[in-house]
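Engineer: Can you read through this structure? Questions will come right after.
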Amino acid sequence: MPEMRLLVSGFGFRVGRAKYPGNPKRETRNPKLFLLLGFLLLAACGKAPPLVQREAYVFGTRVEVSVWGEPSEKAAQALAAVLAEFDRLHRMLHAWQPSELTALNDAIAAGRRDIAVSPELTFILQDAAAIATRSDQLFNPAIGRLVALWGFHADEFKPALPDAAALAAVVRAAPRMSDLSFAGDRVGSRNRAVQLDLGGYAKGYALDRAAAILRGMGVRNALINIGGNVMALGDKGGAPWRVGIQHPRAAAPLATLALRDGEAIGTSGDYQRYFELEGKRYCHLLDPRTGRPAEGVEAVTVLIPRRDGAGALSDAASKPLFIAGAGEWRALARRLGVADALRIDAGGVMHVTASFRERLTILSSDLKIAVEP
């Protein structure tokens, strides 16, 4: 059986070989790469107030939250509150372990059309449905059945193709977020093939919740990193928070970016969750139109300015821009309200919007750069 390769993107670097939800002991770490992270976070600290950091393992990835310039006790309380919130969201939104989301999926599959859910989950689903509409349904959290068929609802990915007939049946059923109906905090679906998987939204939503908690506790300067989805609050001792954008085919940053207060970045890549079979890579980013992993693209990164829901949009918007065709993605980005984006195709060309190119410090010389209007 061919060897399975799995790599997970982190904060401007690549961490280990595999990460498994709920089992951080199985994470392999590379000390040299953590030195790079330390450099990005601690450069130019000098005699500035201390940086307080906490790490955890939720949403199937490593998370890190950093607070700058606050008393140690206050920083520790704020960080504990954020990590507790991450754990709550992880348990509420898990796509295949028992959660409020899986209970909703079971009810939809049983044909129920009047399902009580929490006000928070109602908000999340309505927001995700609105983004799905603007993305022409290429962002589609309703395709959990496809995700499961490809083996990505598991702690470990097996290098195996799904049953072709089962795959075709889900594609014919065409589950989408517009199949959902809302009446207050009750949800229904006219399509029993809908199976919700918020893996392309939850990390971004968690960024927004973390920012709200930190600001509510009086923390002005912080950096929140959830497996490469990053949001900045304030700055770091008068200097901006500077983060790395992962090179899709090298264990080093492609570029760095100084984040402004409230900005969020999100990245989707074919190097984050995938398996290889007979020399071919199959990533977790599925095209709802075909039911198969998207091809021809290696990575997409978007930058969202400070606004309500910046984190959620940064997470969700990178997915349809990854799946869309070469001639579609720029128009789609505009419909999603994304002005700053880059897209690396399989030919080694980085297509980047002009406004985003001005913000980037490019570190890699092996990619051609095409600036898009």
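Engineer: Can you pull the percent of the stretch 299-373's accessible area that's carbon plus sulfur, 1.4 Å probe, other chains left in place?
Structural biologist: Numbers: 1550 of 2970 Å².
Roughly 52 percent of what the probe reaches on the stretch 299-373 is carbon or sulfur.
Engineer: Full extension from residue 290 to residue 258: what is 0.36 nm times the residue separation minus their Cα-Cα distance, to one decimal in nm? Present the calculation step by step, with values, prior to reporting the outcome.
Structural biologist: On the way: separation 32, 0.36 × 32 = 11.52 nm, distance 3.75 nm.
Once the chain is fully extended between residue 290 and residue 258, it gains 7.8 nm.
Engineer: Shifting gears a bit: Using Cα pairs closer than 8 Å and at least 6 residues apart in sequence, work out the relative contact order for the chain, in percent.
Structural biologist: Relative contact order here is 19 percent.
Engineer: Roughly speaking, what is the stretch gain from residue 54 to residue 215, that is 0.36 nm per residue apart minus the C-alpha to C-alpha distance, in nm to one decimal? Display every interim value, and only then the final one.
Structural biologist: Numbers: separation 161, 0.36 × 161 = 57.96 nm, distance 1.72 nm.
The residue 54-residue 215 span can extend by a further 56.2 nm.
Engineer: Right, here's the next one. Using a ≥ b ≥ c from the Cα gyration tensor of the stretch 71-159 (square roots of the eigenvalues), is it rounded, prolate or oblate, where a/c under 1.5 gives rounded and otherwise the larger of a/b and b/c decides, a/b for prolate? Can you show the working numbers first?
Structural biologist: Numbers: a/c = 1.83, a/b = 1.54, b/c = 1.19.
Judged from the Cα gyration tensor, the stretch 71-159 comes out prolate (a/c at least 1.5, a/b above b/c).
Engineer: Over the stretch 257-311, what is the relative contact order in whole percent, taking alpha-carbon pairs under 8 Å and six or more residues apart?
Structural biologist: In percent, rounded to a whole number, it is 47.
Engineer: Same structure, new question: Going by average Cβ neighbours within 10 Å, how do the peptides 217-229, 50-62 rank, with the highest at the top? Don't jump to the answer; show the numbers that get you there.
Structural biologist: Details: 217-229: 22.9, 50-62: 19.2.
Highest mean packing first, the order is 217-229, 50-62.
Engineer: Given the options 255, 264, 331, state which has the largest fluctuation in a GNM of the chain using a 10 Å cut-off (strictly under) for Cα springs.
Structural biologist: 331
Engineer: For residue 161 paired with residue 364, estimate the spin-label separation in nm (one decimal), with each label point 7 Å from Cα along the Cα-to-Cβ line.
Structural biologist: If labels sit at residue 161 and residue 364, their model points lie 2.9 nm apart.
Engineer: On to the next question. How do the peptides 72-79, 136-143, 173-180 rank, highest first, by the average count of neighbouring beta carbon atoms within 10 Å per residue?
Structural biologist: Sorting 72-79, 136-143, 173-180 by mean packing, highest first, produces 136-143, 173-180, 72-79.
Engineer: Ok, one more. Hey, for a label at residue 191 modelled as a point 7 Å past Cα toward Cβ, could you say which residues of the stretch 117-156 have their backbone N under 15 Å away?
Structural biologist: Counting backbone N atoms under 15 Å from the label point, the list is 129-147.
Engineer: With labels modelled as points extended 7 Å from the Cα through the Cβ direction, what inter-label distance (nm, one decimal) is found for residue 307 paired with residue 126?
Structural biologist: 1.9
Engineer: Just list whichever of 236/319; 158/203; 280/319; 203/280; 74/319 have alpha carbons separated by over 26 Å in the model shown.
Structural biologist: 236/319; 203/280; 74/319
Engineer: Do the sum for the chain: with -39,500 (n - 2.57) for every DSSP H run of n ≥ 4, divided by all residues, what is the mean residue ellipticity at 222 nm, to the nearest 500 deg cm²/dmol?
Structural biologist: -9500 deg cm²/dmol
Engineer: Here is a further query. Give the cross-link partners of residue 368 among the aspartates and glutamates, using a straight C-alpha distance below 17 Å as the criterion and excluding same-chain residues fewer than 8 apart.
Structural biologist: 298, 345, 358
Engineer: Now for a separate question. So, R0 is 22 Å and r is the distance between the beta-carbons of residue 172 and residue 112; what FRET efficiency does that work out to, to 0.05? Working shown, then result.
Structural biologist: Numbers: r = 22 Å, r/R0 = 1.02.
The formula returns an efficiency of 0.45 here.
Engineer: How would 133, 122 rank on accessible area, largest to smallest, probe 1.4 Å?
Structural biologist: Numbers: 133 90, 122 5 Å².
Result of the area sort, largest leading: 133, 122.
Engineer: Taking the Cβ-Cβ separation of residue 371 and residue 335 as r and a Förster radius of 30 Å, what is the calculated FRET efficiency to the nearest 0.05?
Structural biologist: My answer for the efficiency is 0.90.
Engineer: Over the stretch 80-231, average the accessible area per residue using a 1.4 Å probe and give it in Å², no decimals.
Structural biologist: That works out to 39 Å² for each residue.
The values are calculated or read from the model by the stated rules, or taken from the named source; none is laboratory data. Here the structure is a predicted model, which means the values were calculated and not measured. With ideal geometry, Cβ positions are generated from the backbone for all residues, glycine too; neighbour counts draw on all protein chains shown. Each accessible area value is taken on the protein alone, full model and side chains, heavy atoms only, with ligands, DNA and RNA left out. Shrake-Rupley method; radii C 1.70, N 1.55, O 1.52, S 1.80 Å.
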